[in-house]
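Quick notes on the structure that follows.
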Amino acid sequence: MAGAGIRLFVAGETLTAATVNTYLQDQVVARFADAAARTAAFGGAGEPTLAEGMLSYLDSDNTVYVYDGSTFKAVGVASVIDAKGDLLVGTADDTVGRQAVGANGTVLMADSAQTNGIAWSEQSLGYRNVVINGAMQIAQRGTSTASITTSGYYTADRFNINLNSLGTWTQTVENDAPTGSGFRKSLKLLCTTADATPAAGDLFLFRQFIEGQNLQQFLKGTASAKQFTLSFWVKGTTTGTYTCELEDRDNTRAVSASYSIVAANTWEKKTITFPADTTGAFDNDNARSLDVVWALGAGTTYTSGTLQTTWSSITNANRFVGQTNVAAATNNYWQITGIQLEAGSVATPFEFEDIGTTIAKCQRYFQKSYNIDVAPGTNTSAGASYFTQGTDNAGNTMAVVRLITEMRAAPTVTSYKISGTSGSWQYDRSGVGTTDTATTSYYLSTNTINFYAGTGAAYVVAVFQGQWAASAEL
């Protein structure tokens with residue numbers, strides 16, 4: 001029997017069948033093609049019986065096993081290694097596999113979709129997330145806007161909605177996020193006027209636009225193109241199927257994917273990996289190259305085809321097939337946070353960054369004289385620009401404002417009085433009290449605004465005051 005130990009044989013001793021079975025056959029390492037061949041070799045007529053301690057080697061996985069009285073368990077893995085840098089990993093209970101060495105510079109990431117539970121990834125250890133303000137921390141325009149019926153930017157920086165005749169909405173930044181996620185804020189879209197039967201062309205999209213020079217790591221349009229992995233947390237009142245889209249604005253191509261809200265009013269994490277695209281490179285410039293899109297409702301113009309899950313030229317009918325209509329009833333809502341888009345097939349942990357970095361990224365597209373948490377048009381002098389200037393022979397003067405950070409492009413500028421009224425500044429001069437004056441922005445650049453204003457009096461000294469907001473959104 002197995003486990004009989006070791007015996008010293010003497011010269012001339014006769015080896016009986018019992019001796020061979022006990023001390024040799026039961027204690028050698030028996031070799032089999034695979035587990036099925038091993039099972040077939042025991043227990044039949046004229047075949048040995050399995051006993052605790054028996055050893056076997058399988059050609060199928062190059063592994064040594066020991067029988068523990070009920071099952072064979074792997075104990076030998078030396079032959080699994082094929083090359084320098086290979087790793088041994090558990091692939092299942094009592095099962096060992098080989099993780100081949102990755103390419104130079106890659107990092108090992110957990111990936112439950114892989115056989116070994118891990119995968120080599122080319123993700124950079126820093127700046128992985130090409131979405132700005134994905135944690136909804138910055139809202140320079142304010143944290144609440146009601147009665148929304150048109151497209152635009154409303155609350156959280158960098159996020160835009162495309163709304164075409166599909167209900168009325170309130171957009172808010174909420175102090176609500178998934179427990180234990182590290183997030184503290186989220187963006188919520190609440191339906192206040194329903195549209196249960198959208199017309200064919202009706203559409204409601206939540207989007208972020210990304211400039212091309214921030215997308216070069218995807219290697220799109222090359223033989224080495226990488227996948228796009230999008231992850232986010234979402235909750236809503238309405239369970240069902242929802243759709244996301246990546247739209248390549250440079251090459252008029254798109255790809256869509258679906259996800260589900262399974263439980264109402266419950267935060268759920270979603271991960272979508274879009275395929276790589278070897279056709280059409282992103283432009284390496286400061287223009288709009290990629291739209292990251294979540295649909296909240298769409299008419300048949302956008303839902304009557306087959307969902308386009310591979311990159312192709314844009315076909316409207318295939319963009320949002322199966323999409324749930326959040327506008328179907330008042331008080332329906334859809335809420336999101338923790339958005340990350342990165343190159344490769346692995347959704348890495350969210351890239352939290354210091355608040356100063358996030359603010360600076362947002363200010364590349366929108367900045368203002370007001371404090372970061374004060375909406376433009378608020379009645380306040382905090383942050384206002386004040387200039388003591390002399391006027392020319394026509395009674396006009398120019399004030400120069402250096403922008404907080406370099407903007408994406410020369411911005412569009414809106415002026416505000418201290419009271420919050422848009423379109424003008426104010427001045428004070430000897431003999432004249434505080435007076436409104438129209439301002440015009442001249443000689444705009446990515447780092448400077450020149451405000452041109454008049455007092456109606458030549459060669460006088462006046463104090464000019466006002467607030468401003470500058471937008472260079474895509």
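Annotations
- Residues being of a type in the set (A, V, I, L, M, F, W, C) and in contact (Cβ under 8 Å) with a residue 60 or more places away in the chain - total across the stretch 244-293: 9
- Pairs with Cβ under 7 Å, 6+ apart, first in the stretch 81-98 and within 17 Å of residue 66 (Cβ to Cβ), second at pLDDT 80 or above and of a type in the set (Ser, Thr, Tyr): 96/63
- Looking at 300, 279, 273, 266, just one residue is surrounded by fewer than 17 Cβ atoms within 10 Å (Cβ to Cβ), under 19 Å from residue 163 (Cα atoms) and of a type outside the set (Asp, Glu), and that residue is 300.
- Among the residues of the stretch 188-197, some residue qualifies, meaning at least one is under 18 Å from residue 334 (Cβ atoms), out of contact with any Ser or Thr (no Cβ under 7 Å at 6 or more places or on another chain) and not in a loop (DSSP other than H, G, I, E, B).
- Test: residue in the stretch 375-386 that is β-branched (Val, Ile, Thr) and within 30 Å of residue 132 (Cβ to Cβ): yes
- Residue check for residue 103: among the small types (Gly, Ala, Ser), modelled with pLDDT of 85 or more and in a loop (DSSP other than H, G, I, E, B): no
- All strands (runs of 3 or more DSSP E) inside the stretch 386-440 with 2 or more residues being closer than 28 Å to residue 211 by Cβ and at pLDDT 90 or above: 396-402, 412-416
- Evaluating residue 110 against the criteria (1) surrounded by fewer than 15 Cβ atoms within 10 Å (Cβ to Cβ); (2) in contact with a strand residue (DSSP E or B) (Cβ under 8 Å, 6 or more places away or on another chain); (3) at pLDDT 95 or above leaves one unmet condition, (3).
- The stretch 215-243 - residue that is among the polar types (S, T, N, Q) and in a strand (DSSP E or B) and, of those, farthest from residue 189 (Cα to Cα): 229
- Leading residue by the ranking (surrounded by the fewest Cβ atoms within 10 Å (Cβ to Cβ)) among those in the stretch 225-246 that are under 13 Å from residue 274 (Cβ atoms), of a type outside the set (Ser, Thr, Tyr) and in contact with a strand residue (DSSP E or B) (Cβ under 7 Å, 6 or more places away or on another chain): 227
- Count of residues meeting criterion [in contact with a strand residue (DSSP E or B) (Cβ under 9 Å, 6 or more places away or on another chain) and not in a strand (DSSP E or B)] in the stretch 252-302: 20
- Any hit, the stretch 284-297, residues being in the same structural domain as residue 196 (by TED's automatic domain parsing) and loosely packed, with under 15 Cβ neighbours inside 10 Å: yes
- The lone exception for residue 371 - which of (1) in a loop (DSSP other than H, G, I, E, B); (2) closer than 12 Å to residue 470 by Cα it fails: (2)
- Just one of the listed residues (420, 383) is farther than 30 Å from residue 459 by Cβ, surrounded by fewer than 17 Cβ atoms within 10 Å (Cβ to Cβ) and in contact with a Pro (Cβ under 9 Å, 6 or more places away or on another chain), namely 420.
- Evaluated against (1) within 22 Å of residue 429 (Cα to Cα); (2) within 44 Å of the chain's Cα centre (by Cα), residue 407 falls short on exactly one condition, (1).
The values are calculated or read from the model by the stated rules, or taken from the named source; none is laboratory data. The structure displayed is predicted, hence computed values, not measured ones. Neighbour counts are summed over all protein chains in view; Cβ atoms, including those assigned to glycine, are modelled from backbone coordinates with ideal geometry.
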